[in-house]
Every structure is written in C-alpha cells, then in structure tokens.
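The values are calculated or read from the model by the stated rules, or taken from the named source; none is laboratory data. No experiment lies behind these values; they were computed from the predicted model shown. Neighbour counts run over all protein chains shown; Cβ positions are idealised from the backbone, glycine included. Just the protein is used for accessible areas: all its heavy atoms, side chains included, with ligands, DNA and RNA removed. Shrake-Rupley method; radii C 1.70, N 1.55, O 1.52, S 1.80 Å.
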Amino acid sequence: MFNSFSPFIRDFIYARGWHDLHEVQKIAARVIFDTDYNLLIPSSTASGKTEAAFFPILSRVYEENPPSISVLYIAPLKSLINDQFDRITALTEEAGIPVWHWHGDVAQSHKQKMLRDPRGVLQITPESLESMLMRRGSDVIRLFSALQYIIIDEIHTLTGVDRGNQILCQIMRLSRLIGYQPRRIGLSATVGDAQTAAAWLGAGSGRETYVPALPKEKLRWKLGVSHFFISAPHGDHSDPKLLGPIVLPADMSDGEGKPLPDPGYEFVYDSTKGRKSLVFSNSREETEYVTATLRQIADRRGERDVFLIHHGNLSAAIREEAEAKMKDEEIQAVTCATVTMELGIDIGKLERIIQMGSPNTVSSFLQRLGRSGRRGDPPEMVMVFREEEPLPNAPLPQLMPWELLKAIAIIQLYVEERFIEPPRLRSRPFSLLFQQTLSILSAGGSMTPQRLAERVLSLPPFAQVTKDEYRLLLNDMLQNEILELTEERELIVGLRGEQLTASFKFFAVFKDSEDFTVRAGSDEIGTITTAPPAGDRFALAGHVWEVEEVDLAHKLIFVHQVKGKMEIMWPGDLGEVHTRIIERIRQVLEESVEYPYLTPDALARLRQARDVAKNTGMLEKPIVHLGGYSWALFPWLGTRSFRTLRRYLGQFSDTFKISKMEFAGSYYLQFRMERGTGEELLKTVKGRIQRCGIDADTLIAPTETPVYEKYDSFIPGELLRIAYREDKLCAEEVEMRAREW
C-alpha cells in the first residue's frame, strides 16, 4: 500500500521518521484506491485520520491533475480550517498542489487567487459554501467541474443538527450543478453509532459508505477528579494513583491569615503551573471568569501572566494568538477555552487538560481529553468541581452533587462499554427548510411551486417533510412577503426575503445575536450581546473593560482596560443529556465502587451522596416525600424524555393540585402537591399510560409556538408544533420507565 502513494507522500512519511502507517491509514488507502465507496473514518484523536484521508486522495489528485478544485474540505470551525490549512500545505508544497482556505477571516486577495486558478484543495465553512452557491452561481461549475472528493471533518458535531444538514443540502445542490456525485469522506474521533453516521454521510449520494472495523484501543489515561466546597478550607486534593501528586501550597491563605476565597481556582492555578495546558469550561461566561480569576492569582502572587483565552465571541486576532502560542513549544501558555478548542486543532504537545465541571456528553469528554497526550504520551485530564456546601436543611435534590455524579457516569460508560451518544437525526428541520428555500430561489431565479418543491424536498434532510407541510410553509412565506408569485405563476424572493438574504448572516443556520463589536483603540477585542452605558464595566477576553463610548448605529463599543474581575452573560443552550448517562448516575449512587481517579475529597463527597441516597429511599422509589406538600420525582431520564414527562405530569395538575414545578437539568422534578400521595400519583400516571400510551400532540398547547432554531420565528405555528413533537419529545422512554414504577 505504501508504494501506491505518490513520491511526495512517501517523502513526507520518510522525512518524519515514520516506520509504519496506522491501521486506519492502511484501510483508508485501500478503500480510496480500490473502490468507489464513500468512507467514514471513526478513529480516535491523534490516530492520523487527516493523513488517512489525504495521503491517498492527494496521490490521486497529483496523478490526474484535474482542471478545477478536486478536493472540497468542509469543517465547522474557522480555527480548524486554519490549522488544517497549515498542515495540508506542508504536505502538498513539494507536489505543487495548491491549498486554499475560504471563510470570513480570509483576505480577499487569497480568495481572488483561487477564483482565477481553481485547482487543488479548497477548505471552507458551511456558511462560506452557502454564500458561494447563492452568489457565485455562474462560477460554481467552473470552480468544481472536476471535483472528486468532499471531506467533512468532525461529523459528530454535525449529524442531527441544522448545520450538518445544511452541508448535505449544499453537497446535493453542488452535485446537481456539476452533474455527478463526488465521493464523500467523513472524519471524527467520537462517532456513537457508526452505521447511523455512515447513512447520514452518504444520504443521496447513490454510493455505499464503508466503515472500517477498527480494533478497540487499550485505554491509557491519566485522569483525576477533584472536588471543592467553595468557602471551606482546603483538604487533600492530591491526584489519585493514575495521575501522581499535584503539590499545593501548604498555606492556603493570602499571607495575612485570611482564607483564600476559592481553593478550587487555586488548585487549577497550581495544577497548570509550568505546564502547557488547556482549561475547558462549558460556557463563554465561565471561561471569561476562570481566565480573569487565574490572572488575579498570578498578579497576587507576583508571577507572570501566562493565561490566554479562546471562544467564539473573541476577535480573530485574539483567537489566532492563542492558537499560535499553544503551538509554540517554547511557550508555557495556559489557554482557557470553550468548545472552540475541543475539536481537532493540533496545538502540539499539551501536558494537561483541566475540565471545569462535567462535560455534557461522553463525546465531549473524549474530545477534550484527546487534546493532550499526543506523540506517544497518554492523555491527561483533571476535572475540577466547585460547589457551595449545601445546608443541612436543604431539600433532598439540592444535597446531591449532580455534576460530579454526571462526570463519573460519563467516564464509567466509556470505560465499561465504550459508549458514545448515537446521532439523533431530525425529521422536521423546518428552519433549515425555510433557509434553503430562499437560498435556492436566490441562486436560481423564479420557479413554479411544483418545481421548487421537487428541488427542495428531494434534498436528504427533508425526506420526511410531507408535501402538505411544505405547501403550508410556502403559503405562509407568500402571505408574509418572504416570497412573491409572478404573473406567470412562478415563485420569486419577495421584499422581506430580499432583506433577509442581503445580509451575510443569512448564510448561517445557527442562531446569532445582534452583537456589539468591542474596540480598545485600534484593537478589536471581540463581541458582546448588549451595550452597557458609558462608565460601566464588563469582562471580555479575560480582562475588564470600562466603556468610553457606544456607537449604536454601527454597533461599536469603545473601551479601555481596567483592573479587576467581573462576570458576563451570553445566552446559550447547554445541549441534551442522553438517558444512558442519567441511568448510570443512578448506578453510581447504588454501587459501592470507589473509582481510582477520585481524589480523597471527591471520594468523600461521593460517599456523602451515596449515604443521602440510601437513607432517603430515592433509589428504591421514584418519588420521595420532602415534607408537607413538597415532593421530588427522580425519573432517571435524559433531556427529551424528561421534558416529555414534565409536560405529561402537567395533565394531572388539577386532579392532584400540582404546582411550583422546579427542576435542574433532568436529574429531578420537585413540586408542590396538595392532594393525594406520591404513590397515588404514580399509580394514576402508570395506569393511564398502560391504557392509552402518551399522545405527544396533547402535550403541546394548540397556540404554542416552540421556537428553537434560527428561522423558527418565520415558521407557521402548526409546523413548529409538529417539529417539537418529532424532534424534542420522546414518549417511548417515558412509557418504558412508567412500566417499572
């Protein structure tokens, strides 16, 4: 197989001293050279997936020298494209195969060069590809007339969401224009159900999608989980056996005998000191706060500020500075980041990952863990949990360290079962349907309703959308001047539709906010969602800024930097938690295993939680009386099923006088019930489910308009309710759980 590669690929391999190829690279080469299949490469982080795809593909391109772009690489993040641009350029520079990247931060001069001589590899975001299909329709055939391969990176982030489905639409539209289907290659380190992902990847291509059966890799992790009560003095937070000791200052005071305000952050600071590290948080808000706190600690100790920050609301310059410094082996930097550093950016030899709190998914845990441990070393992660010590009289649900329990469940599911969440495909992506309808009409001019329906509904993501549903959407778009009907009875983009498509924000199918750009002098710092008045302060990029002036017309905020630490809020969605994770939390509480990665304080907190669970009976019975009219229900269901149950219980509110429902995540449902007992409630609910099942339509009010996706505000309420029923609820798991009561 090695001899099948072009000479420049063989030279590349020799120059790096590689004695053999990874198994996935051998398999990928055989499939690409010897078949016409699509290919899904579900291989672990740092296993050589990128090379597995590009070695044989570039060998083919070198030999055949197609007269257009021959490889289209689509990735969800600009930073990932920038990283891969450097990697692939290094691979192709000897062969004379040009590599181009195209997104909002790329200079126009670079794009113009590609347009003049479209050959080689084009790396692009979904949004830029949408713009190209809409606004460069006359160029598309010339640019891609000999396109051979389409590579989609990190497909686990794309399956089942509008952004991934947008890519499938774009690939089909592009294939129709050039008259054939290029081969598709999907890359990901964390595919939960490979066959489902393969079917998604190959949808509409007319090709078989091959998934290699790779052997399970032996786990080599250095993993520690530490717990802190925020206001308590520090205890023993040394790492467990797998990680070896982390030395903390013996005196956790400020030098004057006053206890430090938050020992958890001191632990993070000392855990990363002298190590090239990534500190992951689950939100931009927390990332900003962690960065500012670590910088404060450095300032208080009189030590150098080595802390960088990386998230989607920062300017390209700040993000790229963080990426460059993390790649520089001479710089011992620590970067605080969100999901933007979770994906496959190669940032060199990282020594340690810190995870603040628990990831939401097994997939996210594996992606973040895999950022470290490259070049032969095992990956290394420390999870840090901070919570206020619960008061003795707090309600039962608030006595449990749910985030710590979730982290243990996530780790154990992968260690024991290699479980990763399977893709959840959407059947009614109406927001995307709205956007693609406008995009196709903008690119192609007028069409009859029948012709438009044929073009749009034949795209793979809309396979389950009925003609009646699409007719309802088109009529609504006509009534609201999104579309117009010409005298020839053809549809064109209407006045309001033109206003939408004229903005560059139209190309994205994910929600965006009307952000204000923050500038300090000539430097762009990033964006925030609301504009504070002059004189107010806010946090961004790990620093605090004071507002000098607000230009509302141009959405600009002019600031200067001041000392201090503050919080900032962005709206966000924490995503869904799979039922298997919630069920494994219950098992964590039931079993007596003392997991070797827990530090002594984390183990003590787990023991405390197990004692509470055992003594209150919350594991033996799903509903627990909290005293008076207060009850707590523990259904052990994931996000969609929990949402379904919560709505279903609302149908019994009059019978049992249920009110004041409170919940956190999908761990528990706490409520006031003034009539009947918990056992009577469960018996009634179970009886009705056994007789009638759950009719999901009855859980949605006739006037309800559940808005989740970007263009949902343009979708008729009837269609939104259908989408909510199909894609946000799960009655089957609730019925299954009720049978166990």
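Quick one: length gained pulling LEU214 to PHE2 fully straight, 0.36 nm per residue minus the C-alpha distance?
74.4 nm
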Self-check item: Cα-projected label distance for GLU548 with PHE510, points at 7 Å along beta-carbon direction, nm
Solution: 3.2 nm
Self-check item: D (Stokes-Einstein, µm²/s), Kirkwood Cα radius, the chain, 0.692 mPa s at 37 °C
Solution: 117 µm²/s
Quiz item: Of THR209, LEU396, PRO702, whose Cα points farthest to the positive end of the dipole of the chain (charges on the beta-carbon: +1 Lys, Arg; -1 Asp, Glu; origin at the Cα centre)?
Solution: THR209
Quiz item: Is the shape of the range 23-69 best called rounded, prolate or oblate, per the rule: a/c under 1.5 gives rounded, else a/b larger than b/c gives prolate, else oblate, with a ≥ b ≥ c the square roots of the Cα gyration tensor eigenvalues?
Solution: prolate
Quiz item: How many percent of the accessible area of the chain is carbon or sulfur, using a 1.4 Å probe?
Solution: 49 percent
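ARG30 to ARG586: FRET efficiency via 1/(1 + (r/R0)^6), r the Cβ-Cβ distance, R0 51 Å, to the nearest 0.05?
Values: r = 44 Å, r/R0 = 0.87.
Result of the calculation: an efficiency of 0.70.
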Quiz item: Nearest 0.05, what FRET efficiency do ALA664 and GLN195 give at R0 = 30 Å with Cβ-Cβ as r?
Solution: 0.30
Quiz prompt | Global size of the range 80-227 as Cα Rg and Dmax, reported in angstrom | solution = 17.6, 59
Exercise. Grab the Cα-Cα distance for GLU732 and ARG607, subtract it from 0.36 nm times how many residues apart they are, and report the gain in nm with one decimal.
Key: 41.6 nm
Exercise. Within the range 639-712, list the trypsin sites (Lys or Arg not before Pro) lying in a DSSP loop whose Cβ has at most 11 other Cβ atoms in a 10 Å radius.
Key: none
Exercise. Using only alpha carbon pairs under 8 Å that are at least six residues apart, calculate the relative contact order of the chain and give it in whole percent.
Key: 12 percent
Quiz item: When the chain is fully extended, how far beyond the present Cα-Cα distance does THR486 get from LEU457, taking 0.36 nm per residue of separation?
Solution: 8.2 nm
Quiz item: Which value, in Å², gives the accessible area per residue of the chain when a 1.4 Å probe is used on the protein heavy atoms?
Solution: 42 Å²
Quiz item: Along the three principal axes, how long is the range 694-741 when you take its alpha carbons, biggest first, rounded to the nearest angstrom?
Solution: 41, 20, 11
Quiz prompt | In sequence order, calculated HN-Hα J values of the range 618-631 (Karplus, 6.51, -1.76, 1.60; Hz; x Gly/Pro) | solution = 5, 8, 8, 10, x, 10, 10, 7, 9, x, x, 9, 8, 9
Quiz item: Sorting GLU323, GLU389 by accessible area (1.4 Å probe), largest first, what list results?
Solution: GLU389, GLU323
Quiz prompt | Considering only the chain, percent of DSSP beta bridges that pair antiparallel, nearest 5 | solution = 40 percent
Quiz prompt | Pairwise FRET efficiency - GLU620 versus ARG691, Cβ, R0 = 30 Å, nearest 0.05 | solution = 0.70
